[in-house]
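The block underneath contains the structure these notes are about, expressed in structure tokens.
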Amino acid sequence: MSGLEIERKFLIKKGGSWKEAAFSSSHIKQGYMPCESATVRVRTRDDRSWLTIKSHSDRTGLSRYEFEKEITNDEAKHLFELCRGGVI
């Protein structure tokens, strides 16, 4: 998938009431690869993996180009070895 991404950010109020509204959870692992002209991320969520490349934001800071492709878990495992700054 590729296209224009529009950034949205939300603040969560202190307290635990938002946790009661959650209906599912996932195990996510992600890391970033060094690249000057874009953000390159590999992410595994539960049993699926993706490679994502994002350009820098436009002048307004509201949108940017994004390319995302599902990859195999084995490919993700190897790409995690290229990540710098740790894997979360």
Determine the relative contact order of the chain: mean sequence separation of Cα pairs under 8 Å and six or more apart, normalised by residue count, in whole percent. 32 percent
What translational diffusion coefficient, to the nearest whole µm²/s, does the chain have by Stokes-Einstein, given a Kirkwood radius computed over alpha-carbon pairs, a temperature of 20 °C and 1.002 mPa s viscosity? 144 µm²/s
Under the 7 Å Cα-to-Cβ spin-label approximation, Thr39 and Thr72 lie apart by a distance in nanometres of 2.9 nm
Taking amide H positions as placed 1.01 Å from N in the peptide plane, with prolines and chain starts having none, which residues 5 or more places from Ser49, or on another chain, fall under 5 Å of its amide H? Ile71
What are the ³J(HN,Hα) values, in whole Hz, obtained from phi via the Karplus relation 6.51 cos²θ - 1.76 cosθ + 1.60 with θ = phi - 60°, for each residue of the stretch 42-50 in sequence order, with x given for Gly and Pro? 10, 9, 10, 10, 6, 10, 10, 9, 9
For a Förster distance of 25 Å, can you work out the FRET efficiency between the beta-carbons of Asp47 and Lys14, rounded to the nearest 0.05? 0.15
Assuming R0 = 35 Å, can you tell me the calculated FRET efficiency for the pair Glu81 and Ser55, based on Cβ-Cβ distance, to the nearest 0.05? 0.90
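Quick note: the coordinates plus some simple rules give every number you see, no bench work behind them. A quick note: this is a predicted structure, and the numbers were derived from the prediction, not measured. Cβ coordinates were reconstructed from backbone atoms using ideal geometry, including for glycine residues, and neighbour counts include every protein chain displayed.
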